Amino acid sequence: MRTSASFESVEIQLGERSYPILIGSGLLDDATSFTAAPAATQALIVTNTTVAPLYAERLRAMLADRYATVNLLALPDGEAHKDWPTLNLIFDALLGHGSDRKTVLFALGGGVVGDMTGFAAASYMRGVPFVQVPTTLLAQVDSSVGGKTAINHPLGKNMIGAFYQPQLVLCDLATLATLPRRELSAGLAEVIKYGPIHDMDFFDWIEANVDALMACDPDAMAVAVRRSCEIKAEVVGADERETGLRAILNFGHTFGHAIESGLGYGQWLHGEAVGCGMVMAAELSRRLGGVDAAFVERLQALIRRAGLPVKAPALGAERYLELMRIDKKSEAGQIRFVVIDRPGSAAVRSAPEAMVREVIAQCSG
Ligand code: NAD
Ligand code: GLY
């Protein structure tokens, strides 16, 4: 169907690497959404075995009008496959199809597909263009935007990657209709994140609309995705390579990444780990004097209402500390946390180890 879907556009302002994020329902079936897609002779759609049967043929049909050849690669699904052997499947496909530099990659799926496709685009022939077509809430509000690409290492999450911006992001809200409830909740963790770090009015709005978001109400989703992308665009536009400000987007991630890698990738979803990690980071913020107990309780209540766990797994303080030292924000072995210094504002701080141990003891078990 070639209907004309209406969409909103948020611009990532990065000079010559600027690009639009289009947000709307039905973009996948609307040729005008693809107007800004890069010119090329070949396209490779990278997706996974779950998303391919749902959306790949529709995307392929759209791209067939623009590119002489459109190939498709379905990777195995899951965080456990965000690794070297799976990344190599993308290079195998590109080389197998004789893809030259006039090739564009389309990442169709969630954050795992997006992060791996972006990394492949960054390194294939030293860089070919790519487009993000995120189909999870988490990917639409966070991972498809801003150019962080990576794979995991058994010793640490997202440890190998590159900053490499897509040329277009297409958030078709209609794809969220097929998302399992657990994945929807995981995406809400990254939506909630934007409140404490940047915009408490948005936090108020999420509190008032969390039930509609849990029900995947299209109007509520449109607001949540647009406001999340606006905030992310503002932060990335100011600090693309995370020399400072961008680190606030990692609120809850220091504890969260430890949960993910400590339990084994894929046991807890990324968003689940981040949700719980935000409760821990908020408690640390309280102990450092940035917020009061009422704020921590309010955040925890919203995370719980979003269907996310608020009690961290009992890995033991030693294991948490060991895993958190591998975090990319660590400096000379010193763990650094994103903390809330007042509601709506975040900063990166270190904290006394004894205090961190107390937070782990209080929040896990
Ligand atoms: P995911 O990519 O694993 O997708 C979640 C699940 O939903 C998968 O099983 C997937 O196949 C399925 N799925 C995707 N779209 C669907 C749809 N429309 N209908 C039905 N099922 C669908 O997980 P995610 O939560 O999207 O992304 C998490 C990843 O993103 C993590 O690896 C995390 O590190 C990364 N991430 C990256 C950034 C960044 O800035 N690059 C930011 C946040 C998270
Ligand atoms: N998700 C964190 C970032 O993009 O910086």
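The values are calculated or read from the model by the stated rules, or taken from the named source; none is laboratory data. All figures in this text were calculated on a predicted structure; none of them were measured in a lab. Every residue, glycine as well, gets a Cβ built from its backbone with ideal geometry; the counts of neighbours run over all protein chains shown. When the accessible area is computed, the model is the full protein with side chains, heavy atoms only, and any ligands, DNA or RNA have been set aside. Shrake-Rupley method; radii C 1.70, N 1.55, O 1.52, S 1.80 Å.
If you take every DSSP beta bridge fully contained in the stretch 1-92, what fraction is antiparallel? Give it as a percent rounded to 5.
The answer is about 45 percent antiparallel.
Hey, could you get me the Stokes-Einstein D for the stretch 207-365, Kirkwood radius over alpha-carbon pairs, 25 °C and 0.890 mPa s, rounded to whole µm² s⁻¹?
For the chosen part, D equals 151 µm²/s.
Out of the total accessible area of the stretch 15-64 (probe 1.4 Å, heavy atoms of protein only), what percent is carbon and sulfur? Walk me through the intermediate numbers first.
Working: 1120 of 1880 Å².
Ligands and nucleic acids excluded, carbon and sulfur give 59 percent.
Output the antiparallel fraction of DSSP beta bridges having both residues in the chain, as a percent to the nearest 5. Kindly include the intermediate steps, with their values, before the conclusion.
Values: 17 of 41 bridges.
Bridges in the chain are about 40 percent antiparallel.
How would 270, 253 rank on accessible area, largest to smallest, probe 1.4 Å? Present the calculation step by step, with values, prior to reporting the outcome.
Values: 270 35, 253 10 Å².
Greatest to least solvent exposure: 270, 253.
Normalised by the residues of the chain, what does the relative contact order come to in percent, with Cα pairs under 8 Å and at least six apart? It would help to have the intermediate numbers written out before the result.
Numbers: 725 pairs, mean separation 54.6, N = 365.
RCO, the chain: 15 percent.
For the stretch 1-83, which semi-axes, largest first and in whole Å, follow from the square roots of 5 times the eigenvalues of its Cα gyration tensor?
Details: eigenvalues 100, 62, 45 Å².
For the stretch 1-83, the ellipsoid semi-axes come out as 22, 18, 15 Å.
May I ask for the distance between the Cα centers of the stretch 72-110 and the stretch 286-338, given as a whole number of Å?
One Cα centre to the other: 34 Å.
Mean residue ellipticity at 222 nm from the helices of the chain, using -39,500 (n - 2.57) per DSSP H segment of n ≥ 4 over the full residue count, to the nearest 500 deg cm²/dmol? Walk me through the intermediate numbers first.
On the way: 11 runs with 150 residues, N = 365.
Estimated from H runs of four or more residues: -13000 deg cm²/dmol.
Determine, from the Cβ-Cβ distance of residue 54 and residue 14 and an R0 of 35 Å, the FRET efficiency 1/(1 + (r/R0)^6), rounded to the nearest 0.05. Intermediate results must be reported in sequence, preceding the final value.
Details: r = 31 Å, r/R0 = 0.89.
Once the sixth-power term is evaluated, E becomes 0.65.
Among all the lysines, which ones have a C-alpha under 30 Å from residue 329's C-alpha, if same-chain residues fewer than 8 places away are not counted?
Partners within reach: 82, 148, 157, 193, 232, 311.
Accessible area per residue, 1.4 Å probe, Å², for the chain: what's the number?
Result: 38 Å² per residue.
Report, to the nearest whole %, how much of the accessible area of the stretch 212-315 belongs to carbon and sulfur atoms, 1.4 Å probe, protein only.
Values: 1710 of 3500 Å².
Its accessible area is 49 percent carbon and sulfur atoms.
What span do the alpha-carbon atoms of the stretch 79-189 cover on each of the three principal axes, reported in whole Å from largest to smallest?
39, 33, 23
Subtract the Cα-Cα distance of residue 36 and residue 84 from 0.36 nm times their separation in residues, and report this length gain in nm to one decimal.
Numbers: separation 48, 0.36 × 48 = 17.28 nm, distance 3.08 nm.
Between residue 36 and residue 84, full extension yields an extra 14.2 nm.
Using a 10 angstrom cutoff on alpha carbons, build the Gaussian network for the chain and name the most mobile of 320, 194, 55.
The residue with the greatest mean-square fluctuation here is 55.
If I take every Cα pair under 8 Å that is 6 or more residues apart in the stretch 118-277, average their sequence separation and divide by the length, what percent do I get for the relative contact order?
In percent, rounded to a whole number, it is 24.
Where the accessible area of the stretch 74-196 is counted over protein heavy atoms with a 1.4 Å probe, how much of it, in %, is carbon and sulfur?
On the way: 2220 of 3840 Å².
Carbon and sulfur atoms account for 58 percent of the accessible area of the stretch 74-196.
Quick query: amide H of residue 160 versus all other amide H atoms, modeled in the peptide plane; which residues come in under 5 Å with a sequence gap of 5 or more or a different chain?
Counting only residues 5 or more places away or on other chains, the set is 151, 153.
Report the label-to-label distance for residue 263 and residue 317 in nanometres (one decimal), using points 7 Å from each Cα along the Cα→Cβ vector.
About 2.3 nm, to one decimal.
What number, in nm² with one decimal, is the all-direction average of the projected area of the convex hull of the alpha-carbon atoms of the chain?
Values: hull surface 65.1 nm².
Averaging across all directions leaves 16.3 nm² for the Cα convex hull.
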